[in-house]
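Visitor: Take a look at this one; I'll ask things after.
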Amino acid sequence: MTLDGRHIVPAEGVSAYGAAMAALAESAREEESPALVKSTSSGGVTWFTVTEAGVVAAVQAPKDTDAGNQAPPATEQAPAAPSPTAEPARRKSAPTSAPAPQAAPEDASEPLPTRRRPTAADYASTVAEPTPSPAREGWQGVVNTLTGGAFRVKPGDAELGSRRDRARVQRGISGHKTIVFVNLKGGAAKTTCTYIVGATFGRVRGGNVLAWDNNENQGTLGDLSMAASHDHTARDLLQNIERFAIPSNMPELTNYVRPQGENRFHVLASQNKASNQEVIDGNDFVQLHAMLRQAYHVILVDTGNASTASTWQAAVEIADEIVLVALNKRDSTKKLAATVDILVAQGLGDKLSRGVLLLSEAAALNKSKDPEQFRKAEANRAEALEHFGHYVREIVQIPYDGGLSDGLEVVFEELQPATQRAYLAATASIVDGL
């Protein structure tokens, strides 16, 4: 096939027609004007234009192919497919008269593109979102309750936000996921965050959720959890792990984990009350994790305070998502910054970027009564948001809750409403990263 004296060879899998159209469209772009083409076939001579977008239109044959500056006006008749000897003739103007155009042969090698037809998915996507159900929270919920639903007041923005967060927590998760909570400083609220996120998962999502105390020393997750009929720990489970190679024995896990009632998740402690058992090491953690992931859809791991501990190393390597945890105190956020540097140095920066930071207030400060402490807290929070914002996907701020300061069993119902809402938002953000 020749075009303007150039020999054009179609690429493999491309027809002569397709190659010609591509070359003509390129020529039109170069000239900034439609390419005028003369096509000779057994049916006669046909003239048509090709725009830079590849649109073809039949035109009248010009009286003088050397005259004028514009391409002839298009007609509604389709052209014939170009022959290998198509001769382009670019013009800037149109002729005044010409013979009637030749009809296109029916055996054109390739049809012109047609408009895309909508699919069933397109049709379904046009359905309007359902109207929110009447409010159940806030003053709107009170009105609906007192009137027996006669008024059907719509939910406010806060309740709509909570509903959206609940939907995010409840969305489908592909396969098993492990989430670790880290800060190399003790007393940074890692254990508290692990427990309440587990409770939020269980209450909102349900399913098989485990919170695992993986502290290399004496972890306290068991202290925050509801007691069980046994005092077994991860060490006891490891000693009997062979039994769970048989799937039918999985229900026996209840003899090693601690069900958390209405919170609907389980806790695996690292220490018994007497703290007289050895903790597991990294190899033990990997072995236990391989078995537990068969029983639990989501595992939350509360880590210890030593990045050199094999259990810590194993947990961050296995994790699908890393959750940073800190109190809004200078010593807590400073240690967390060092933790982040270690994670990045170990090549976990990409994994960290999919995670979140839970920043909890360390005290209830009053600006008028504690101006200096209030100022320090404000400054530290701003610095933390700026610094860690470079490393994680989202930062969720958790308000101070006096009921969590004694280190005793967490009672979800006694948490402040603002605390529950913050942890719902935190759990939703964590699910987003999975």
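Visitor: Does Lys351 qualify as being farther than 21 Å from Ala422 by Cα, open to solvent by 10 Å² or more (accessible area, probe 1.4 Å), among the charged types (D, E, K, R) and over 22 Å from the mean Cα position of the chain (by Cα)?
Guide: no
Visitor: Oh, and also: Going by the conditions given, is Val316 touching a residue at least 12 places away in the same chain (Cβ under 8 Å), buried (at least 19 other Cβ atoms within 10 Å of the Cβ) and in a loop (DSSP other than H, G, I, E, B)?
Guide: no
Visitor: Outside any loop (DSSP other than H, G, I, E, B), touching a Lys or Arg at 6+ places or on another chain (Cβ under 8 Å) and crowded, with 19+ Cβ neighbours inside 10 Å - does that describe any residue in region 129-142?
Guide: Yes - at least one qualifying residue is present in region 129-142.
Visitor: State yes or no: is Ser310 closer than 29 Å to Val298 by Cβ, open to solvent by 50 Å² or more (accessible area, probe 1.4 Å) and modelled with pLDDT under 95?
Guide: Considered against the rule, which asks whether it is closer than 29 Å to Val298 by Cβ, open to solvent by 50 Å² or more (accessible area, probe 1.4 Å) and modelled with pLDDT under 95, Ser310 comes out as yes.
Visitor: Can you name the residue in region 381-413 that is hydroxyl-bearing (Ser, Thr, Tyr) and within 30 Å of Ala227 (Cα to Cα) and, of all such residues, is surrounded by the most Cβ atoms within 10 Å (Cβ to Cβ)?
Guide: Checked region 381-413; the qualifying residue surrounded by the most Cβ atoms within 10 Å (Cβ to Cβ) is Tyr400.
Visitor: Return the pair list, or none, for Cβ contacts closer than 9 Å from residues in region 194-212 that are more than 22 Å from Arg163 (Cβ to Cβ) to residues that are of a type in the set (D, E, K, R) and open to solvent by less than 10 Å² (accessible area, probe 1.4 Å), at least 6 apart or on different chains.
Guide: Pairs found: Thr194/Asp213; Thr194/Asp302; Tyr195/Asp302; Ala211/Asp302; Trp212/Asp302.
Visitor: Just checking, how many residues over region 334-348 are under 19 Å from Asp302 (Cβ atoms), open to solvent by less than 40 Å² (accessible area, probe 1.4 Å) and in a helix (DSSP H, G or I)?
Guide: Residues meeting the conditions: 4.
Visitor: Checking the conditions here, which among Glu378, Glu361 is at pLDDT below 95, closer than 24 Å to Thr419 by Cβ and open to solvent by less than 70 Å² (accessible area, probe 1.4 Å)?
Guide: Glu361
Conditions (1) open to solvent by 40 Å² or more (accessible area, probe 1.4 Å); (2) at pLDDT below 90, marked per residue:
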{"position": "Leu184", "(1), (2)": "no, no"}
{"position": "Ile196", "(1), (2)": "no, no"}
{"position": "Phe201", "(1), (2)": "no, no"}
{"position": "Asn215", "(1), (2)": "no, yes"}
{"position": "Asn240", "(1), (2)": "yes, no"}
{"position": "Thr254", "(1), (2)": "yes, no"}
{"position": "Gln260", "(1), (2)": "no, no"}
{"position": "Gln271", "(1), (2)": "no, yes"}
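Visitor: Test each condition in (1) in contact with a helix residue (DSSP H, G or I) (Cβ under 6 Å, 6 or more places away or on another chain); (2) outside any loop (DSSP other than H, G, I, E, B) for Asp223 and report the one that comes out false.
Guide: Of the numbered conditions (1) in contact with a helix residue (DSSP H, G or I) (Cβ under 6 Å, 6 or more places away or on another chain); (2) outside any loop (DSSP other than H, G, I, E, B), the odd one out for Asp223 is (1).
Visitor: Another question about this same structure. Among the residues of region 273-287, is there at least one that is among the aliphatic types (A, V, I, L, M) and farther than 28 Å from Leu327 by Cβ?
Guide: yes
Visitor: Does region 414-422 contain any residue that is open to solvent by 60 Å² or more (accessible area, probe 1.4 Å), in contact (Cβ under 8 Å) with a residue 24 or more places away in the chain and charged (D, E, K, R)?
Guide: Within region 414-422 (the criterion being open to solvent by 60 Å² or more (accessible area, probe 1.4 Å), in contact (Cβ under 8 Å) with a residue 24 or more places away in the chain and charged (D, E, K, R)), the answer is yes, since at least one residue qualifies.
Visitor: So, one more: Please go through region 386-434 and give me each residue that is acidic (Asp, Glu), part of a loop (DSSP other than H, G, I, E, B) and within 19 Å of Gly198 (Cβ to Cβ), ordered by number.
Guide: Result: Asp401, Glu409.
The values are calculated or read from the model by the stated rules, or taken from the named source; none is laboratory data. What you are looking at is a predicted structure, and each value in this text was computed from that prediction instead of being measured. Positions of Cβ are generated from backbone atoms using ideal geometry, with glycine treated the same way; all protein chains shown enter the neighbour counts. Surface accessibility is based on the protein's heavy atoms, side chains included, excluding ligands, DNA and RNA. Shrake-Rupley method; radii C 1.70, N 1.55, O 1.52, S 1.80 Å.
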